[in-house]
Amino acid sequence: MNPRDVIRIPKMEWSNENGEYTLLENPASDEVAVYPTIKNGGAIIEKNWQRGHKRVVNEIEEYRIRRPDAGEISIDFKTRMDENSLPITWWDKKEYASANHGAAELKQLFNQKPFDFPKAKRLVLDCIRASGGIDKNALILDFFPGSGTTFNATQMLNNDDQGQRKCILIEQGEYVYSIIIPRIKKIAYSFDWKEGKPKGSSMNGLGVFLKYQRLEQYEEALENIAFSAPPKAAQQALEFKDYVPKYFLEFETRESQTLVNTEMMADPWNYQLKVWDGFTYDTQQAVDLVETFNYLIGLHMQKSIISEINGQRYQFVYGCTNSNKQILVVWRNVKDWDLAAFETDGNMLKEELKSWTYDVLYINGQAHIEGYQPIEEIFKNKMIP
């Protein structure tokens with residue numbers, strides 16, 4: 001904790017003669033005495049603390065220091081929602097205002113206004129608390145994250161109580177790349193920003209493990225369908241009265257990339273699909289087959305190791321399924337390999353696999369290993385009806 005954020009209650013005793021407490025020790029050179037006063041125009045009005053010093057000493061973690069822009073220090077009590085009661089239905093705190101607070105908060109992050117009506121952090125933070133986010137291991141899900149305030153609020157809550165909450169955002173707008181992902185990175189680095197830069201080179205963020213995925217769109221799937229049958233044969237098939245489109249997906253187009261072309265999986269890191277780039281569907285982009293396969297088999301990944309062995313790239317993915325089976329998945333580029341290359345690969349894998357304990361072994365392409373399951377077969381069974 002920053003020494004500037006430490007609250008200390010000095011020793012004191014009550015004086016009946018003066019009707020006030022007398023301090024028994026003076027503030028240290030690096031300490032500032034804070035009194036319950038308010039300003040009324042040019043006058044300073046003395047008030048009382050809401051709670052006695054004896055109670056505060058035993059609940060010191062329930063208080064926090066605030067430093068407004070004017071530089072004056074105030075002490076606030078941390079308010080929390082009662083987990084045993086429902087929140088009120090009318091929320092009117094000024095901190096909830098999008099126009100005043102949400103927009104200003106986003107401008108501090110980016111030094112511009114990149115998004116209309118961003119939600120205020122305090123509003124989302126209290127929404128999370130009211131909806132069960134008090135669980136330190138809660139999973140926070142937002143289907144319409146907008147500018148990413150939900151992630152920001154989740155990190156603030158984790159910072160307040162050392163929680164381990166995770167946050168999943170689902171968005172279809174292009175500002176995923178221009179606002180949401182940059183905001184996640186910024187908040188992971190620091191909570192305090194001004195004019196697009198960390199305040200005083202602050203690095204008080206919690207850090208983050210970020211993974212984002214782009215799902216294939218329906219139109220992109222159609223663009224990637226290709227006929228493997230000769231054009232003349234396909235045209236003749238259409239002349240049959242009962243030859244319906246589903247047969248094209250089952251036979252003539254089954255080797256399309258979007259329906260899993262197992263031959264192209266020989267080079268698993270270069271399996272490409274046509275994607276929409278904002279203008280056309282002609283842009284080729286590599287698909288993450290490794291991650292896709294993890295989802296297909298329901299793998300909870302625990303390790304992912306990429307190694308270069310004998311000049312070849314290998315990726316070993318290790319984890320377990322919901323049935324507690326230990327799974328090892330081996331990926332390598334077997335494109336254009338001859339028999340000698342496969343034999344060399346088999347001898348190497350036998351040595352490498354001695355250091356792993358697993359119930360099921362998956363390997364892409366052919367392998368001179370006993371008991372493995374080809375990844376391509378799993379793709380066919382899981383993705384092709």
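For this structure, a couple of remarks:
- In region 94-137, the alpha-carbon atoms span a convex hull of 82 Å³ per residue.
- Residues whose amide H falls under 5 Å from that of R313, counting only those 5 or more places apart or on a different chain, are N333, with hydrogens built in the peptide plane.
- Placing unit charges on the Cβ atoms of the charged side chains and taking the dipole of region 94-201 about its Cα centre, the candidate lying farthest along the positive direction among L139, G102, C167 is G102.
- Sparse-neighbourhood loop sites, trypsin sites (Lys or Arg not before Pro) in region 84-133 - DSSP loop, at most 14 other Cβ within 10 angstrom: K93
- Per DSSP, loop GluC sites (Glu not before Pro) in region 325-385 with at most 13 further Cβ within 10 Å: E370
- Gyration tensor (alpha-carbon) shape descriptor, region 3-77, a/c threshold 1.5: oblate
- Residues whose placed amide H lies under 5 Å from that of E171, excluding near-sequence neighbours: none
Values quoted throughout were computed directly from the atomic coordinates according to the rules given, and no laboratory measurement underlies them. On a predicted model such as this, the values are computed, not experimentally measured, just so you know. Because the Cβ atoms are built from the backbone with ideal geometry, glycine has one as well, and the counts that use them run over all protein chains shown.
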